[in-house]
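The values are calculated or read from the model by the stated rules, or taken from the named source; none is laboratory data. Please read all numbers here as calculations on a predicted model, not as lab measurements. No Cβ is skipped: glycine too gets one built from the backbone with ideal geometry, and neighbour counts run over all protein chains shown.
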Amino acid sequence: MIDPTILRTDPDRIRESQRRRGEDVAIVDALVAADLAKRASAQQFDDLRNQQKQIGKQIGPLQASLKRASDDSARITAQSELDALLADAADLAERTKAAEAAADTASEVADALWLKVSNLVNLASPIGGEDDFTVLTTVGMPRDFAAEGFAPKDHLDLGEALGAIDTVRGAKVSGSRFFYLTGVGAQLEFALLNLAMSQAMSHGFIPMITPALVLPSAMEGTGFLGQAAENVYRLEADDLYLVGTSEVPLAAFHSDEILDAASLPRRYAGWSSCFRREAGTYGKDTRGIIRVHQFDKVEMFVYCDPADAENEHARLLAWEEEFVNALELPYRVIDVATGDLGSSAARKFDIEAWIPTQGTYREITSTSNTTEFQARRLRIRMRDAAGTKPLATLNGTLCAMPRIIVAILENHQQADGSIVIPPALRPFLGGQDRFTPLSVREETLNRA
């Protein structure tokens, strides 16, 4: 949620953000009207409540005066005044009740409209859609496989030959876009998890294993029931949602809390399985494990003072680059265009790894500055010497397992089908320096 003060003092700022996102600008006019109605109805309710309090203060003395009356004339006068006051009180009670209902309705209308308005974009973000990003840096050179004398295989051919990926049985058991990681594939994921968590902890992140199911309040609070709702799995019988990222339970971890400013920034690294319906992607990335319904991920999440948010965003990006550099993958960093931002993000940077068989870069990590947007929705505040105020939240994917595995297999493959293991992963793989195809392993065993 955006600071309501901005709506009341500078609604054009919200209109411009909506325009840059390619989203509904007219909703700002509706929100301005709804906010005015909400405040007016709340004021009317408060006024009537104050009148009730004033009448309440008069009733007691009149009742006492009636008891003290020494003659019939005084009693009649006091009773008459008390009856009139009680009638006014009864009428006021009905009007107050109606005003309270009207205020509640006006508040619900305004709140519902607020949920449809995305976060204010950072004006430094490029304007446009998915293809209008800005490349900030490119690191590493893609290998020249032709010069090495062989054509690269894609990750699925490599993974099947290694006994690492099984999409056929994944589809048999669960349907399309599901897979098994087997043997060295599972070992590789565990190694990536350990490397990611080791790095995160070295930078002060607290490791966490988060719930995969969350309440609607957590999903809505983080902004995943708006434009992203079509990709969310819901368990209707229990009114719970499967998370598409541990960002959701990490953001909701401190919901309805006030954090001491001295304890900030708070940094968490969450591991979870993630579930996405991939609605609207029919026919895209149907081969292999680039776009799947279930995968594991290590997510960084930060709570900090809003004044520190941009610097923290740069740190998250640097830590993501540190991880990708350790895997010795060629990549580029892009500044995502406004029309391709999630509703909570003010600015987002993606790291895209080079995928040799596709001849292009594909996203493997991202980091978003969501400013105060999620904190306001989840009612998370910080307390400093000046009082309490909303804090800022940021997130960054450190390691989305399937796509990292794709990038490692394709970029580190050899002519004989083996995969050279990046040195950073070897300590978590018993010192192995390469994975060899099943056929080679079987031949070696037969010779032995």
So, PRO437, is that one touching a residue at least 12 places away in the same chain (Cβ under 8 Å), within 16 Å of VAL184 (Cα to Cα) and surrounded by fewer than 24 Cβ atoms within 10 Å (Cβ to Cβ) or not?
yes
Restricted to segment 1-30 and to residues being within 24 Å of GLU220 (Cβ to Cβ) and in a loop (DSSP other than H, G, I, E, B), the residue modelled with the lowest pLDDT is MET1
Which helices (runs of 4 or more DSSP H) does segment 119-220 wholly contain that include 1 or more residues that are β-branched (Val, Ile, Thr) and surrounded by 21 or more Cβ atoms within 10 Å (Cβ to Cβ)?
184-202
Checking GLU352, GLU363, GLU310 in turn, the sole residue that is surrounded by fewer than 19 Cβ atoms within 10 Å (Cβ to Cβ), under 22 Å from LEU188 (Cα atoms) and assigned by TED's automatic domain parsing to the domain that holds LEU425 turns out to be GLU363
Yes or no: segment 383-393 includes at least one residue that is modelled with pLDDT of 95 or more, crowded, with 18+ Cβ neighbours inside 10 Å and within 12 Å of the chain's Cα centre (by Cα).
yes
Would you confirm whether or not segment 299-306 contains a residue that is in contact (Cβ under 8 Å) with a residue 12 or more places away in the chain, farther than 23 Å from GLY22 by Cβ and not in a strand (DSSP E or B)?
yes
Which residues, counting only those in segment 231-253, are in contact (Cβ under 8 Å) with a residue 60 or more places away in the chain and over 14 Å from the mean Cα position of the chain (by Cα)?
none
I want to confirm something. Restricting to segment 27-55 and keeping residues that are of a type outside the set (S, T, N, Q) and over 19 Å from GLU108 (Cα atoms), which single residue is farthest from the chain's Cα centre (by Cα)?
ILE55
Output the number of the condition that THR388 fails; it satisfies all remaining conditions of (1) free of Cβ contacts under 8 Å to residues at least 24 places away in the same chain; (2) not in a helix (DSSP H, G or I).
(1)
From ASP71, ASP47, grab the single residue that is at pLDDT 85 or above and surrounded by fewer than 14 Cβ atoms within 10 Å (Cβ to Cβ).
ASP47
